[in-house]
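Report on the following structure.
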Amino acid sequence: IDIPNPAKLKNIDKAVSRVIQSIENKERIGIIADYDVDGSTSASILFKFLKNFTSSIILKIPNRLTDGYGPNIKLMREMLDNKVDLLFTLDCGTTSNGIIDNENFKNIDVIVIDHHLSEINLPDVLAIINPNSLGDTSNYKQLAAVGVTFLFLMYLRKKLRELNKFKEIKEPNLLSYLDLVALGTVCDVVELKKYNRLFVKKGLELIHKRYHRGIAKLIDNSNIASSPTSQDLGFVIGPQINAASRIDDSSLASRLLLTNDTEQIDSISRKLFLLNEKRKLIESQILDDAINQAADQKNSNFILVFGNNWHQGVLGIIASKIKDIYYKPTIVISFLNNIGTGSARSIDNVDLGKIILNAKTEKILISGGGHSMAAGLKINYSDIENFK
């Protein structure tokens, strides 16, 4: 199989040797991952792998509704209080300047594994492994964060093998992680070409064999009769995993993906199913309003709709649906006290992530970032026309 070569990723050697040092010194390892499917699956495969070597791993998922995207000072303090020596940020961290490299946390070494577009100034941390960051020449820009995490684990395992670390410990079978890699890749709307296509094809084979109990249970709850397809992952399974962070508790998804406990799998998967039904109700109430606004913009190059106090957990889905109707880049914003939180979805050949980063650099946005097909932002109401 033509599998990408992890050694091409910038900073990977430095990061892997630091992880090996951490394993040898029995250090405490922390993980902060994004709350979406890509983040949850990235966290799950990293956690599973490291669990072979250490039991002191602390996993934290920010709350979508109260913490917002990416690592924050509160979570970093928790890592410090837990005496974490080495911290991973997964599917986030590339634009977390001033947070992960804050003076107060200089005793924590940070490795960022991400795929979001970077700005010129990167956080000053131990290593940033991101094919979309400046200076990376790997040409793996299409990978989701879970794909980058998988490459990282391939390289880490290779180096551990060279050091004879698998004498007492059974070598982890990375191919068995591909169901999670496929799930994260499909749900993060990255292009399913080249390596992504390969990951998804192999991952679906594992999903058909029902190796992962949590994923199998979600499939059963959804009454998917035949063999699941990538459409099923994207439109039926993914939304249930995402419903946790959209409506309720962001950590439910990674708990489901990591546990082997049948009772826990039953109860979490049932909860996710119900949360997703609740999400559909909330969404349908906002969608009508958004679609009416969008209809007036059908001759524009893009669509921007907004409302007061729309539920922030469903903005991305609404952006996706409007984008599919009109095939135009779409931005959906919810305002509360004149501060808007927005989610954006794009079409081929329009790099929305870059547009949003530029607007942030020009101080039109309070914050923002993402990748070419999906991004998020914060904006003052008074800057809407400027932004357009």
For the chain, the spread of Cα positions along each principal axis, largest first, Å: 66, 51, 40
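Using the crude model of +1 on Lys and Arg Cβ and -1 on Asp and Glu Cβ, and no other charge, please compute the dipole size for the chain relative to its Cα centre, in debye to 20. Let's see the in-between values first.
Numbers: 48 positive and 44 negative charges, 177 e Å.
Dipole size: approximately 860 debye.
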Spatially proximal aspartates and glutamates relative to LYS378 (Cα-Cα < 14 Å; intrachain offsets below 8 disregarded): ASP67, GLU362
12 Å beta-carbon shell around ASN276, net charge (K/R +1, D/E -1): +3
5 angstrom amide H check on PHE306, placed H, neighbours 5+ away: ILE333
Among ALA225, ALA344, ALA243, residue whose mean-square fluctuation peaks in a GNM of the chain (springs only between Cα atoms under 10 Å): ALA225
Solvent-accessible ranking of SER346, SER267, largest area first, probe 1.4 Å: SER267, SER346
Selection from GLY369, ILE113, SER300 lying farthest towards where the dipole of the chain points positive, charges on Cβ: ILE113
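From Cα pairs below 8 angstrom and at least 6 apart in sequence, can you work out the relative contact order of the chain, rounded to a whole percent? Mind dumping the intermediate values first?
Working: 722 pairs, mean separation 51.8, N = 388.
Relative contact order of the chain: 13 percent.
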For region 81-195: rounded, prolate or oblate by the Cα gyration tensor [a/c cutoff 1.5]: oblate
Cα gyration tensor category, rounded, prolate or oblate, for region 178-326 with a/c compared to 1.5: oblate
Square roots of five times the Cα gyration tensor eigenvalues for region 246-322, Å: 34, 12, 9
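Please work out whether region 110-155 counts as rounded, prolate or oblate from its C-alpha gyration tensor, where a ≥ b ≥ c are the square roots of the eigenvalues and a/c under 1.5 means rounded, while otherwise a/b larger than b/c means prolate and anything else oblate? If you can, show how the numbers build up before the last one.
Details: a/c = 1.94, a/b = 1.28, b/c = 1.52.
Oblate is the answer for region 110-155, as a/c is 1.5 or above yet b/c matches or exceeds a/b.
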13 Å beta-carbon shell around ALA127, net charge (K/R +1, D/E -1): -3
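Compute the signed sum of charges (Lys and Arg +1, Asp and Glu -1) over the other residues within less than 13 Å, Cβ to Cβ, of GLU78. Before the final figure, lay out the partial values.
Numbers: positive: ARG28, LYS60, LYS74, ARG77, LYS83; negative: ASP67, ASP81.
Charge balance in the 13 Å sphere: +3.
Pick out, in residue order, every one of the trypsin sites (Lys or Arg not before Pro) in region 302-377 that is DSSP loop and has at most 12 other C-beta atoms within 10 Å; say none if there are none.
Numbers: sites: LYS321, LYS323, ARG345, LYS354, LYS360, LYS363; in loops: LYS363.
Passing sites in region 302-377 are LYS363.
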Potential lengthening between GLU168 and ARG270 on full extension [0.36 nm per residue; Cα-Cα distance subtracted]: 32.9 nm
Signed unit charges on C-beta, dipole axis of the chain, positive-most listed residue GLN312, VAL186, TYR327: VAL186
Rel. contact order, % - alpha carbon contacts under 8 angstrom, at least six apart, region 83-196: 21 percent
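Taking only the C-alpha atoms, wrap a convex hull around region 243-388 and report its volume per residue in Å³ as a whole number.
Details: hull volume 17.5 nm³, N = 146.
Residue-normalised Cα hull volume stands at 120 Å³.
The values are calculated or read from the model by the stated rules, or taken from the named source; none is laboratory data. Since we're looking at a predicted model, the values are computed, not measured. Here the Cβ is made from the backbone with ideal geometry for all residues, glycine too, and neighbour counts use every protein chain on show. Accessible surface areas use protein heavy atoms only, side chains included; no ligands, DNA or RNA. Shrake-Rupley method; radii C 1.70, N 1.55, O 1.52, S 1.80 Å.
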